[in-house]
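Shown next, in structure tokens, is the structure this report addresses.
The values are calculated or read from the model by the stated rules, or taken from the named source; none is laboratory data. Everything numeric here is computed off the predicted structure, so don't read it as measured data. Here the Cβ is made from the backbone with ideal geometry for all residues, glycine too, and neighbour counts use every protein chain on show.
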């Protein structure tokens, strides 16, 4: 019964960072293996392209979510007003592509080493990880 409630999807970054006809055999195979959906990479902001892919994915019976990356020139927390405005326009275009593709969700990493940071620089500092205490020395509460 639990298997009926759980849906399975896979991120297409494993094969490509752009949707192209060469992915059709992969998509067909994923559906045959039992995947319910795929996570598509949204970098190309051509909504007509995403409408075509929506039809193809519908025909295969694959649901979809999306993923994109926030590049420095689209940093929504930049100190520069022009960059923040560019970020807003870029993210609106990404949302339009997600809608055209029939995606139910979109993620866009905005933290971590490979992503953006705010006006004061990164807010997450990396350093040595604290060592765990042996269970015999751990304190309750």
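Observations on the model:
- Those residues of the stretch 50-70 which are farther than 15 Å from residue 11 by Cβ and free of Cβ contacts under 8 Å to residues at least 40 places away in the same chain, in sequence order: 52, 55, 56, 59, 60, 61
- Top-ranked residue in the stretch 62-83 [being in a helix (DSSP H, G or I) and in contact with a helix residue (DSSP H, G or I) (Cβ under 9 Å, 6 or more places away or on another chain); ranked as surrounded by the most Cβ atoms within 10 Å (Cβ to Cβ)]: 74
- Which numbered condition residue 31 misses (of (1) farther than 29 Å from residue 87 by Cα; (2) in a strand (DSSP E or B)): (2)
- Restricting the stretch 34-60 to residues that are more than 27 Å from residue 90 (Cβ to Cβ) and in a helix (DSSP H, G or I), the residue that is nearest to the chain's Cα centre (by Cα) is 60.
- Condition check for residue 45: within 30 Å of residue 9 (Cα to Cα), out of contact with any strand residue (DSSP E or B) (no Cβ under 7 Å at 6 or more places or on another chain) and at pLDDT 95 or above: yes
- Filter result for residue 16 (part of a loop (DSSP other than H, G, I, E, B), surrounded by fewer than 19 Cβ atoms within 10 Å (Cβ to Cβ) and in contact with a helix residue (DSSP H, G or I) (Cβ under 8 Å, 6 or more places away or on another chain)): yes
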